[in-house]
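Trainee: Can you keep this structure in mind? I'll have questions shortly.
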Amino acid sequence: MQRSITGCSPPLPHTPPQPGRCLVMGILNVTPDSFSDGGRYASTRRAIGHGMRMARAGADLVDVGGESTRPGARPVPLREELARVVPVVRELTLAGVRVSVDTMHAEVARAAAEAGACMVNDVSGGLADPCMAAAVRDADIPYVITHWRAPSREMDRHAVYDDVVSEVIAELTARVEAAVAAGVRPSRIILDPGLGFAKTSRHDWQLLSNLGALRATGLPFLIGASRKRLIHAALQAHGTHDTEADGRDAATAAVSALAASEGASCVRVHDVRSSLHAVYMASAWATANGAR
Ligand code: PMM
């Protein structure tokens, strides 16, 4: 059973939808260097076009980010990130699309919320910018707290765990406590195990196969597996030597269905249609099971 992500009081579209199933968030990287779609939507015009296409394909939310988090990526100056993200958030919101902002920076989160974003997706869980929690508190919108240990350029060095599941939960819990202490309402918080962030594919699969531990926190959770190394690794283990990231969408959709049936409240994906259909199947499965 999915926990709903609670929206904020202003009228639509400034609130996440609550369709009673796992939400599908479409990825919109307004960056020249993201790992699978870097450069494709780097101009404002192209980014808005792709955001609109994902909304027409049924995306519940479009996640707009202006800074790549691929392993080894360099930080982007704040001014540049604002210039990439804010016009896209504004235009999509004006067109009736629900938008979340993928940023580690409080100033970008504030500007995006003012431009209409209805969710802040912070892959650093508040660790990169000590002012983030206050920005989210003031905006009073849902806040994705992702498990993170270090900036992209050095995160692979931090992929060391004795027990990845319990350590990720403990570190996420500490971030939740920090956010709540800064005034963020607990009902606004969504957890994310941060697949690929300071984790090997083996760690990612251990986390995915233990989603009950995330469920047990009682908070909604989001899964971002789309086209990542863990998908490539699992395909390779079965002799499928797929090298192109956009050849991983069927496998991503399978993970979306499994995550939804394990209680994920949202999946963050590049290909909206395949994951939306996957989530519909998980929902039909659960409904039929409940009706027995
Ligand atoms: N992964 C990326 C970027 N943002 N946000 C959340 N909440 N969870 C993720 O796993 C996540 C994210 C990196 O992947 P991308 O380059 O495909 O956007």
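Trainee: Are any residues in the stretch 29-54 in a loop (DSSP other than H, G, I, E, B), within 14 Å of the ligand (Cβ to nearest atom) and at pLDDT 80 or above, and if so, which ones?
Mentor: Result: Val30, Thr31, Pro32.
Trainee: With Ala178, Ala174, Ala182, Ala216 as the choices, which residue is modelled with pLDDT of 95 or more, away from the ligand (no atom under 14 Å from the Cβ), at negative phi and open to solvent by 60 Å² or more (accessible area, probe 1.4 Å)?
Mentor: On the way: Ala178 fails: open to solvent by 60 Å² or more (accessible area, probe 1.4 Å); Ala174 fails: open to solvent by 60 Å² or more (accessible area, probe 1.4 Å); Ala182 fails: open to solvent by 60 Å² or more (accessible area, probe 1.4 Å).
Within the list Ala178, Ala174, Ala182, Ala216, the selection yields Ala216.
Trainee: Still on this structure: Within the stretch 87-102, which residues are over 21 Å from Ile145 (Cβ atoms) and touching a Gly at 6+ places or on another chain (Cβ under 9 Å)?
Mentor: Of all residues in the stretch 87-102, those over 21 Å from Ile145 (Cβ atoms) come to 87-88, 90-97.
Across the stretch 87-102, the qualifying residues are Val88, Arg90, Glu91, Leu92, Thr93, Leu94, Ala95, Val97.
Trainee: Which residue, of Ala253, Ala278, Ala233, Ala259, is in contact with a helix residue (DSSP H, G or I) (Cβ under 9 Å, 6 or more places away or on another chain), in contact (Cβ under 8 Å) with a residue 60 or more places away in the chain and aliphatic (A, V, I, L, M)?
Mentor: The conditions single out Ala259.
Trainee: List the strands (runs of 3 or more DSSP E) inside the stretch 55-144, counting only whole elements, that have at least 3 residues being open to solvent by 40 Å² or more (accessible area, probe 1.4 Å).
Mentor: Details: elements: 61-65, 99-102, 119-122.
Output list is empty.
Trainee: How about the stretch 2-28: which of its residues are modelled with pLDDT of 85 or more and either open to solvent by 20 Å² or more (accessible area, probe 1.4 Å) or away from the ligand (no atom under 16 Å from the Cβ) (or both)?
Mentor: If the condition is that a residue be modelled with pLDDT of 85 or more and either open to solvent by 20 Å² or more (accessible area, probe 1.4 Å) or away from the ligand (no atom under 16 Å from the Cβ) (or both), then Gly20, Arg21 are the ones that fit.
The values are calculated or read from the model by the stated rules, or taken from the named source; none is laboratory data. The structure displayed is predicted, hence computed values, not measured ones. Neighbour counts run over all protein chains shown; Cβ positions are idealised from the backbone, glycine included. Each accessible area value is taken on the protein alone, full model and side chains, heavy atoms only, with ligands, DNA and RNA left out. Shrake-Rupley method; radii C 1.70, N 1.55, O 1.52, S 1.80 Å.
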